[in-house]
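No value in this document is a laboratory result; all are computed from the given coordinates. Predicted, not measured: the structure shown is a model, and the values here were computed from it. Heads up, the Cβs are rebuilt from the backbone with ideal geometry, glycines too, and the neighbour counts pull from every protein chain shown.
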Amino acid sequence: MNEETNKIELIGTVISIPRFSHSVMGENFNEFALQCGRLSGNDDILPIIISERFGIDLKVGDEVFISGQIRTFNKFDESVERNRLILSVFARDIEPIYEKTEDKNVVALHGFLCKNPIYRTTPFGREICDCLIACNRAYQKSDYIPLIIWGRNARMAKDLEVGDEIFVNGRLQSREYIKHFESGDITRVAYEVSVSSLVPKNIEKR
């Protein structure tokens, strides 16, 4: 499966020192946090996975360009006794930026809807639709990526069905939320692609 089915490009600031994440077939991978600013003035804090083979000594405050894919996997959460979807950015290329430039956060996905859309409106009448798509990659694996869709795109998305093929463009964003447990509240971070454009494929043939 062509990697163009799942592509992300980021320019941002390293805000944590890379730490060991995992090893695959003798290759070690590290994880660090990248801060990307929004036009609104808010920041997205995104988890980046990078191979040690790049040989880059990253420091807090470094600005970098990253090109890669959004990757997901399920991890068992003992607090709720079920799996949670863990999302990160897998860096295929990383380059240092030596002159200050604008942050960048661009996502392009081609996938298949794997859950029924959840459509709602805010108290102020803004339309929102939550979707989950599967983007296929090599070795018969898939990444399951949450989408949040707004406005007229949300109206279009609410009529999609499981299995529909779609193309989306947007940005990867982070969002804090409070999870309530009997033992107390816990602050967690969710990651989702905020969709700026959505194109269903062959829906008109129904």
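Annotations for the structure displayed:
- Using Cβ point charges alone (K and R +1, D and E -1), the dipole size of the stretch 3-103 about the Cα centre works out to roughly 300 debye.
- Relative contact order (percent, whole number), the chain, Cα cutoff 8 Å, 6+ residue spacing: 18 percent
- With K and R counted +1 and D and E -1, the other residues having a Cβ less than 9 Å from that of Tyr191 yield a net charge of -1.
- Note on the stretch 108-205: semi-axes of the ellipsoid equivalent to its C-alpha gyration tensor, largest first and rounded to whole Å, are 25, 19, 12.
- Sorted by Cβ neighbour density within 10 Å, fewest at the top, the residues Asp57, Asp130: Asp57, Asp130
- Rounded Å value of the spacing that divides the Cα centres of the stretch 137-204 and the stretch 8-70: 22 Å
- Electrostatic dipole magnitude of the chain [Cβ: Lys, Arg +1; Asp, Glu -1; Cα centre; debye, to 20]: 640 debye
- Taking a Cβ cut-off of under 14 Å around Asn116, the surrounding Lys, Arg, Asp and Glu residues balance to a net charge of -1, with basic ones at +1 and acidic ones at -1.
- Measuring against 29 Å, Cα to Cα, the residue pairs Lys100/Lys201; Lys59/Lys141; Lys158/Lys179; Lys100/Lys179; Lys100/Lys141 contain Lys100/Lys201; Lys59/Lys141; Lys100/Lys179; Lys100/Lys141 as the ones spanning a longer distance.
- Note on the chain: dipole from Cβ charges, positive end direction compared against Asn153, Ile48, Ile17; the farthest Cα belongs to Asn153.
- Longest segment of the chain lacking GluC sites (Glu not before Pro) that sit in a DSSP loop with at most 13 other Cβ atoms within 10 Å: 1-77
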